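Colleague: Dropping the structure in here first, questions after.
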Amino acid sequence: MHSKSIKPKDSSLVSYYILCFLRVVLVFVPQVGYIHPDEFFQSVEIIAGDEYGLEVTRTWEFNSTFPIRSIAIPYFGLKLPFSVLRFISMYSKYYLDVNLRGSYVILVFPRLLMVILSFVNDWSLRKICAAYGLQSQFRLLTLASSYVLLVYSTRTFTNSVEMAICSMLLYIVSDCMIHSNTVIYQREFLEEKYLKARNYVEKVKLYKLKMSLPSHSLNKCVLMATLCVAGVFNRPTFFLFGTPLVFHWLLRGMGTKMVSFADFNVRIVVFVLSSVPALVFFIVVDSLYYGYLTPAELEQLDVGIDNFVVTPLNFIRYNINPENTKQHGVHPYYLHLLVNIPILFNVLGVIAVLSFAVMVYRFASNELTNLPRAQSFVGLMLSAIFFPIFMLSFINHQEPRFLLPITLPLILLHAPKLKTGVCSSYPFKVRSYLRDFLYNYVLSTRASSRYLFQVWYSVNLALTLFYGFIHQGGVYQLAAHLSRQMDIRSTATHIHLVTSHIYSMPQCFLDIPSTQTLLVNPENGQKYRRGKQFFLYEYGSMELPHLYRKLKLILDINEMKAISNNQKYLLYLAIPSSLAEELNDVFHNRTTALIKHTQITVFYPHLSVEAPPKLLGQHLCGINTDPDEMQDTCPIYAFEDERNPYSVTRILKQFSALVHQFGLVLYRIDVRKRIK
C-alpha cells in the first residue's frame, strides 16, 4: 500500500524534472521561432547595441525626448551580464579561438538568463503549496508542461519578467497571510485564556507567551514595496496585477479583535514609505541613461524637477489615449476572457472561466455560503486572476502575452481539476438532458480522465512547436546567414535587404559596428564615423506589384551609384515561400521587366500569418525563378493528366507543395541588362 501511494508522486516529480531539463535544452537548440518583435526590440536589441556598439534599431519607446520604457531592469539584468560575457570573450577568442559574440550567442545568452529567472515561478509554487499543505507534484508538472513556461518564459519579454515578479509577490503575500492568521489565532487563544485565568502566576505565564509571539502586521513590507516598484518600472501594467495582492496583504486579520482599521492605515503608510528608496533608485537610473541627469549635476547637487524622468508616467500618458493604442491594433473587450485565456492555457483556461462563471451564478442566486471568503487562499487566487483580466479588458489593444502573470495563481487553483474534473458532484439543482450532458462529458471526473489531461499535453506540445520553431522561424536564420556572408565579403560591398510579409529583423544578430559611434584616427587624431554597410528596407505586408516597383527603384539608385562611384552592392529580397508563385508571376508578366530574381536559399521552418500557406497551391517549383525549367520539370503540371484526383501520387505532391510553403526564401535581385 505504501509503495503504491508514493509511486504517482515520484513519477510526477520525475516527469517534472525532465520537463525542467527540456526547458533549458530548448534554449540551446535554439528556438528559432519569433513570437513578437517586442521580445527583441524592448531588450536585446537595445542592450546589445549599447554594450557592443552595434548598429541596431532603437524603437520609439526608447526615444530620449519621451521615453516610456525603463532601462533599469534591462541594464542590470542584461547589460551587466553582457559586460561579463564580453570580458570573457576576449580571452576565449585569444586562447581558444572561440567567438562569444556571434548571432547564436546574442540569441541564446539572454534566453539562458530568462530561463534561470523562470524557475522563480516553480520555486514560488512549491513554497505556496508547502505553506498551505497542498500537493505540489501535479501542480509543478502542470506548470512545467505548459508552453507558457517552455516558450514565453524563456524569451526576453517584459511580460516574462512581470510574471516572475508577480509569482514571487504572490508567494510573499500568501506566506504573510498564513503567518498572520496563525499569530492572530494564537494571540486570541492566549487572550481568552488570560481573561479566564484565576491566579496571578498563570496570568503572568500567559502574558509572557502572548508577548513572545512574533510580529506580523508589517511582515516583509520593504521587500514587497521594492518588488512592486520594480514591477511597475518593468511594465506599468504590473499595477493591475499587484493591486489585488497588496490589498490582501493590507487586509490580513481585518475583522478580528487584534487588527483594527488603524492597523490597515498604518500598513498603507509604511508600505508607501518603504517604496520610496526603490522609486528614487529607478528614477535616477532612467534619468541618467536618457540624459536628463548627468553625473556632474548629481555630484554638485545642481538638480531640479526637469532633471528627472518617470517612465511609467510617460507609459500611462501614452496608453491612456485610445488613439495611440489604436495604432497597435484594436481588439474587442471580451478578447482576453474568451480568446486569450484559452490560447495560453487551453482546457485549464476554459476550466478557470467556467468555474468563475459558476461562482458568479451562485452569487446572483444568493448562494453566498458557497462562495470563498475575501481573505481566504481561494479569494486571493481568484482576485489575482480575474481582477487584472477585467481591468486589462478596458484597454483596446490586447495580446495573449499580457496575461502571463496569471499563470501561477491559475495553476495553483485549477490544475488538480485536470485529474478530478471541474465538479466533484452534480452542480445543478434541476436535471435536464443538456445539464446531464455537460456534467457527464465536460465537468465530471470521468470526463476529465477521458480527455482533459490528454488535451492539455497535446495542445501545449503543438503550441511549443509552433511558437518555438515555426512562427516567423526564418527571420533569425536569415540574420545569421547574412552575418556570415558579411564576414566573408569585403566591407566595400554594400548589402541591401528588402523584406516583406515578415516581422522586423533584429540587426543585433548581424554584428555590424554602429555608424553612430564617433571614432578617432590614432595617426592624425581626426574624428570620423564608419560608413553604412548594411541597408534594411522593411515593407510589412505590401502588395507584390508595389513591392516590385520598390525593388526596381532601389536597384536603379544603386546602379547609378555603381556607374558613377564604382560602388559595389548586393540587393536581396526575403519573402515567405507561400508567396513565391505570385512573386514569379509579378516578375515574369512585366512587359518592361528589366530586373530578375534568383533564389539563393530557403530557410525552414517559417510561417508568416500575414502570408499563410495555400492548402491547394504551388509545389517546390513555385519557388523556382526560371520559367522554362519550371514548365519542364514541375510535377504539379502532371495533375492535369491524372484521372484519379485521390491518387497517392497526387496527394503526396500536394502535401509536398504545402510543406514547402513553410519557408522563407532569400532572392538575389539583379538587372537583366546592365547599362554601359
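Colleague: Which of (1) exposed (fewer than 14 other Cβ atoms within 10 Å of the Cβ); (2) on the phi < 0 side of the Ramachandran plot does A225 not meet, given it meets every other one?
Modeller: Looking at each condition in turn, A225 falls short on (1).
Colleague: Right, next: For residues that are part of a loop (DSSP other than H, G, I, E, B) and more than 14 Å from L288 (Cα to Cα), tally how many sit in region 303-322.
Modeller: 2
Colleague: In addition: If you check E45, E39, E61, E55, which single one turns out to be surrounded by fewer than 18 Cβ atoms within 10 Å (Cβ to Cβ) and in contact with a Lys or Arg (Cβ under 9 Å, 6 or more places away or on another chain)?
Modeller: Answer to the check: E61.
Colleague: Name the pairs whose Cβ atoms lie under 9 Å apart, with the first residue in region 646-661 and touching a residue at least 40 places away in the same chain (Cβ under 8 Å), the second surrounded by 13 or more Cβ atoms within 10 Å (Cβ to Cβ) and among the charged types (D, E, K, R), and 6 or more positions between them or separate chains?
Modeller: A657/K614; L658/K614; Q661/K614
Colleague: Pull out all pairs, ordered by first then second residue, where Cβ-Cβ is under 6 Å, the residues are six or more apart or on different chains, the first lies in region 284-308 and is closer than 18 Å to F62 by Cα, and the second is loosely packed, with under 14 Cβ neighbours inside 10 Å and of a type in the set (S, T, N, Q).
Modeller: Note: pairs meeting the criteria are Y290/S64; G291/S64.
Colleague: Let me ask you something else. Take Y104 and tell me if it is more than 24 Å from the chain's Cα centre (by Cα) and outside any loop (DSSP other than H, G, I, E, B).
Modeller: Answer is no for this residue.
Colleague: I would also like to ask the following. Filter region 567-586 for residues that are over 15 Å from L497 (Cα atoms) and more than 32 Å from the chain's Cα centre (by Cα) and give the result.
Modeller: Q567, E581, E582, L583, N584, D585, V586
Colleague: Another question, then. Out of the residues in region 512-547 meeting the condition of being assigned to a loop (DSSP other than H, G, I, E, B) and of a type in the set (K, R), tell me which one is surrounded by the most Cβ atoms within 10 Å (Cβ to Cβ).
Modeller: The residue in question is R530.
Colleague: So which residues in region 243-284 are under 15 Å from L218 (Cα atoms), assigned to a loop (DSSP other than H, G, I, E, B) and of a type in the set (G, A, S), if there are any at all?
Modeller: G253, S260
Colleague: In addition: Answer yes if at least one residue in region 208-217 is at pLDDT 90 or above and in contact with a His (Cβ under 7 Å, 6 or more places away or on another chain), and no otherwise.
Modeller: No - not one qualifying residue is present in region 208-217.
Colleague: Pairs needed: first member in region 489-509, more than 21 Å from S43 (Cβ to Cβ); second member anywhere, of a type in the set (S, T, Y); C-beta distance under 6 Å; at least 6 residues apart or different chains.
Modeller: H494/Y569; L497/Y572; V498/Y537; S500/Y539; H501/S541; H501/S608
Colleague: Something else now. Helices (runs of 4 or more DSSP H) wholly in region 415-509 with at least 1 residues that are at pLDDT 80 or above and touching a Lys or Arg at 6+ places or on another chain (Cβ under 9 Å) - which ones?
Modeller: Hits in region 415-509: 453-465.
Colleague: Right, next: So P214 passes all but one of these: (1) over 28 Å from the mean Cα position of the chain (by Cα); (2) buried (at least 23 other Cβ atoms within 10 Å of the Cβ). Which condition number does it fail?
Modeller: (2)
Colleague: Kindly indicate the residue of region 74-94 that is within 26 Å of the chain's Cα centre (by Cα) and surrounded by 14 or more Cβ atoms within 10 Å (Cβ to Cβ) and also nearest to Q42 (Cα to Cα) among those meeting that condition.
Modeller: Per the criteria, the residue is P74.
Colleague: Is there any pair linking a residue in region 226-241 that is assigned to a loop (DSSP other than H, G, I, E, B) to one that is not β-branched (V, I, T), with Cβ under 7 Å and at least six apart or on different chains, and which?
Modeller: If the second residue must be not β-branched (V, I, T), the pairs left are R235/N159; R235/E162; P236/P312; P236/F315; T237/L392; T237/F402.
Colleague: Conditions first: (1) farther than 12 Å from S500 by Cβ; (2) among the small types (G, A, S); (3) part of a loop (DSSP other than H, G, I, E, B). S564 passes all but one, so which condition is the exception?
Modeller: (3)
Colleague: Which residues, taken from region 285-302, are acidic (D, E) and in a helix (DSSP H, G or I)?
Modeller: D286, E297, E299
Colleague: Scan region 463-513 for residues that are more than 22 Å from Q567 (Cβ to Cβ) and basic (K, R) and report the count.
Modeller: Final tally of qualifying residues: 1.
Colleague: Right, next: Name the residue that is modelled with the lowest pLDDT, counting only residues in region 568-610 that are part of a loop (DSSP other than H, G, I, E, B) and under 18 Å from H546 (Cα atoms).
Modeller: T591
The values are calculated or read from the model by the stated rules, or taken from the named source; none is laboratory data. The shown structure was predicted, so the numbers you read here are calculated from the model rather than taken from an experiment. Glycine gets a Cβ as well: all are built from the backbone with ideal geometry, and neighbour counts include every protein chain shown.
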